[in-house]
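These notes are about the structure you will find just below.
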Amino acid sequence: GTLADNIFVIQNNYVGDPANKAIQVFTGGSVLGLVDVGDSVAVSGDVDEYYNMTQIDTHFTTSFTNYGGGFGQPLAFELATTALPAALPASEPFESVLVQFTDAVVTNSSADIYGGYFIDNTDPKNSEEAKIDDDAAIGSLGGLTYEPTLNDNVTIRGIVEYAFSEYKVQPRNDGDIMPAEGDPLTKDQIS
């Protein structure tokens, strides 16, 4: 996925444990049109911490090689909301990992003024929440159309990011927000 026009995320899908298997790549310029979901890439750069988010800083858009696609949608690692505490350093192993929370309930539909909300997929639902960011910085760059409603039953997929002193999950586009059964939301189901 792409976090911004100069940031993309790479993930190793050939592992069972999602911890420490993904990292964001910061480039020296726009990568829009240069990388796509499912591409295989080789990256050269410096590993650093940018406001507590681990990244590879390539300095130049020519510091990565794109070997092409055909790999399809990357694997989203299934997590319980208890695995993603909001504070440092507990969630750091999941930074930049594409995760999925199945059969989650919206427990707070307006967690902040920026459109963030909380979900819980524990059984029973016991306030072990994960924050979802409705920023839509990834992929569509134009905003998500899903409007969370308290007690909605959803499956949400997204990339774990750290910003403004908390961990949260960033859906890449509307296709990452589904009813709990797993079928993509239709336009009629989006509030």
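Listed here are the residues, each with its yes/no results for (1) assigned to a loop (DSSP other than H, G, I, E, B); (2) at pLDDT below 85; (3) of a type in the set (Phe, Trp, Tyr).
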site: Gln24; (1), (2), (3): no, no, no
site: Asp39; (1), (2), (3): yes, no, no
site: Glu49; (1), (2), (3): no, no, no
site: Gln55; (1), (2), (3): no, no, no
site: His59; (1), (2), (3): yes, yes, no
site: Gln73; (1), (2), (3): yes, yes, no
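Of the residues in the range 101-129, how many are of a type in the set (Asp, Glu) and farther than 24 Å from Pro18 by Cα?
Qualifying residue count for the region: 1.
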Please specify each residue of the range 138-167 satisfying the condition of being at pLDDT 90 or above and under 16 Å from the mean Cα position of the chain (by Cα).
Val154, Thr155, Ile156, Arg157, Gly158, Ile159, Val160
Would you pick out the residues in the range 152-164 that are of a type in the set (Ser, Thr, Tyr) and free of Cβ contacts under 8 Å to residues at least 24 places away in the same chain?
none
Only listed residue being in contact with a Ser or Thr (Cβ under 6 Å, 6 or more places away or on another chain), open to solvent by 30 Å² or more (accessible area, probe 1.4 Å), outside any loop (DSSP other than H, G, I, E, B) and modelled with pLDDT of 90 or more, chosen from Thr102, Thr107, Thr65
Thr102
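This table checks each residue for (1) exposed (fewer than 12 other Cβ atoms within 10 Å of the Cβ); (2) closer than 15 Å to Phe71 by Cα.
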| site | (1), (2) |
| --- | --- |
| Asn6 | no, no |
| Ile10 | no, yes |
| Asp17 | yes, no |
| Ala22 | no, no |
| Gly28 | no, no |
| Asp36 | no, yes |
| Val41 | no, yes |
| Gly45 | no, no |
| Glu49 | yes, no |
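The values are calculated or read from the model by the stated rules, or taken from the named source; none is laboratory data. Keep in mind that this is a model prediction, so the values were computed, not measured. Cβ coordinates were reconstructed from backbone atoms using ideal geometry, including for glycine residues, and neighbour counts include every protein chain displayed. Just the protein is used for accessible areas: all its heavy atoms, side chains included, with ligands, DNA and RNA removed. Shrake-Rupley method; radii C 1.70, N 1.55, O 1.52, S 1.80 Å.
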